[in-house]
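Below you'll find the structure, written out as structure tokens, and then a few comments.
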Amino acid sequence: MGTWRATLQANCLYQCAHLAKPDRRCRLLQGSLEITPITPLAALDLSLGTCIPVVWLSSSASDRHSQSRAFAAIKADGSVVTWGNARGGGNSSAVASLLTEGVVQVCRTSKAFAAIKLDRSLVTWGNAGRGGNSSAVAPLLMEGVVHICGNVNSFAAIMVDGSVVTWGDAGRSGGGGDSSAVAQLLTKGVVQVCGSHFAFAAIKADGSVVTWGDVGGGGDSSAVAPLLTEGVIQICESNSAFAAIKEDGSVVTWGNARGGGDSSAVAPLLTEGVVHICRNSHAFTAIKADGSVVTWGAADRSGNSSTVAPLLKKGVVHVCGSNRAFAAIKTDGSVVTWGNAGHGGNASAVAQLLTAGVVHVCGNSDAFAAIKADGSVVTWGNAGHGGNSSAVAPRLAEGVVHICGNSNAFAAIMVDGSVVTCGDAGSGGNSSAVAPLLTEGVVQVC
């Protein structure tokens, strides 16, 4: 196998992992050591073996498009580069000295970012009322932070002891930034947090669920409480509802009915066999173990997939949503789209490029970008928001390993660690102001 150069860092391992599951975040472990992107490979203890366990983390808002109009990139040295809407976190100058090294994860709300550092402390910036100011809970975030989740206006941090710390907007019947109503349930045992627009849902180690925030947006789960006391393994959110997968493959939904909180119309199809759920703003799509798909929620937001139903009966392996459309990858690498045409639900203009070879699809508010096996990218949907990538087409013809979408733009990480952007200039589609910082070494974009 040869030897590792002393200067080689673990970001190369993370890049390999992203190729396997581009839509998922992960952590790499060796014994009790957590390997970060900036861990020197020479520091690993080969006496423990050369097999590096990969822990795949549940998808969160940071992995999907959001209302954000800015991007933040982590580089291999742990530094952070930001661009896009300045008032929405695109300008991080106020905390620049804290972002020069050691950052291992970045998460966003609609107008703010939060970064976890190697020492498990937290740095926030952006709009103060949207989570950019964490001073009210700063003493709790100086150490021990292991994961962050953001909704539109608030953050929730999982601590090393399994407790949760929240900050940001406390409006909208709670908003999510204030979790005091359920504080006693969040002191330990939390393993995952998911955020709708104005609420959060947390899974505990015993499989139970705790919710808080906007009552009408999923913050109140009392109507289905008996079904959430145990066995929940994954939660997915729309703008105003949640859907939970249980150990037996059944699904429980709650929140705004039009937003997917009412799945009664397809209930018989959700009693078993569900392995993954994807969402857009007002609908959900569930993938079953047999590769079939079940959709529900607002019909005009792609909750009704009847127009392509024959294509979704088998072979679906991945689904991604924009605001009002979905795109599904099948086992043969082809893509099926449905929903609002202006939001990417109609891919006929690039259909011939989507018949085979697609390995990943990313959505923003109203466009999609697909990575193919040869590293090229195909985009469709709203032209001004990244659906037309012709301006950077030569750079996206090969070598793309990951794509991230925010509200109106896309950012692609290349195999050499550089970044290519397209879409609305003010939303991060134009990264020229920081271009010299994005020519190499980027390992994650949020």
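Looking at the range 329-364 only, could you name the residues that are in contact with a His (Cβ under 6 Å, 6 or more places away or on another chain) and within 19 Å of Asp300 (Cα to Cα)?
Within the range 329-364, Gly363, Asn364 qualify.
May I ask you to verify whether Gly291 is more than 23 Å from Ser110 (Cα to Cα), in contact with an Asp or Glu (Cβ under 6 Å, 6 or more places away or on another chain) and free of Cβ contacts under 8 Å to residues at least 60 places away in the same chain?
In short, no.
Only one residue in Asp300, Asp262 is under 18 Å from Asn346 (Cα atoms) and of a type outside the set (Gly, Ala, Ser), so which one is that?
Asp300
Please work out if Glu237 is under 26 Å from Thr337 (Cβ atoms) and of a type in the set (Asp, Glu).
Considered against the rule, which asks whether it is under 26 Å from Thr337 (Cβ atoms) and of a type in the set (Asp, Glu), Glu237 comes out as yes.
For the range 336-358, which positions are part of a strand (DSSP E or B) and under 18 Å from Thr307 (Cβ atoms)?
Matches in the range 336-358: Val336, Thr337, Trp338, Gly339.
When you scan the range 266-289, do you find a residue that is among the charged types (D, E, K, R) and out of contact with any Ser or Thr (no Cβ under 8 Å at 6 or more places or on another chain), even just one?
yes
Criterion first (of a type outside the set (A, V, I, L, M, F, W, C), under 29 Å from Thr337 (Cα atoms) and assigned to a helix (DSSP H, G or I)) does Asp290 satisfy it?
For Asp290, the condition - of a type outside the set (A, V, I, L, M, F, W, C), under 29 Å from Thr337 (Cα atoms) and assigned to a helix (DSSP H, G or I) - is not met.
Among the residues of the range 159-178, write down those that are closer than 16 Å to Leu141 by Cα and surrounded by fewer than 24 Cβ atoms within 10 Å (Cβ to Cβ).
Residues satisfying the conditions are Met159, Val160, Asp161, Gly162, Ser163, Val165, Asp178.
Report, by residue number, each residue of the range 299-321 that is polar (S, T, N, Q) and at negative phi.
Once the filter is applied, which keeps residues that are polar (S, T, N, Q) and at negative phi, the range 299-321 yields Asn304, Ser305, Ser306, Thr307.
Is it fair to say Thr100 is polar (S, T, N, Q), at pLDDT below 95 and farther than 14 Å from Gln444 by Cβ?
no
Going by what's in this entry, would Thr285 be described as assigned to a strand (DSSP E or B), modelled with pLDDT of 95 or more, closer than 13 Å to Val209 by Cα and of a type in the set (S, T, N, Q)?
No.
Would you check if there is a residue in the range 300-318 being modelled with pLDDT of 95 or more and in a strand (DSSP E or B)?
No, the range 300-318 contains no residue that is modelled with pLDDT of 95 or more and in a strand (DSSP E or B).
Test Gly426 against the criterion of being in contact (Cβ under 8 Å) with a residue 24 or more places away in the chain and buried (at least 17 other Cβ atoms within 10 Å of the Cβ), and give yes or no.
no
Report the residue count in the range 294-315 for those that are farther than 21 Å from Ala341 by Cβ and either in contact (Cβ under 8 Å) with a residue 40 or more places away in the chain or buried (at least 16 other Cβ atoms within 10 Å of the Cβ) (or both).
2
The values are calculated or read from the model by the stated rules, or taken from the named source; none is laboratory data. Source: prediction; values computed, not measured. With ideal geometry, Cβ positions are generated from the backbone for all residues, glycine too; neighbour counts draw on all protein chains shown.
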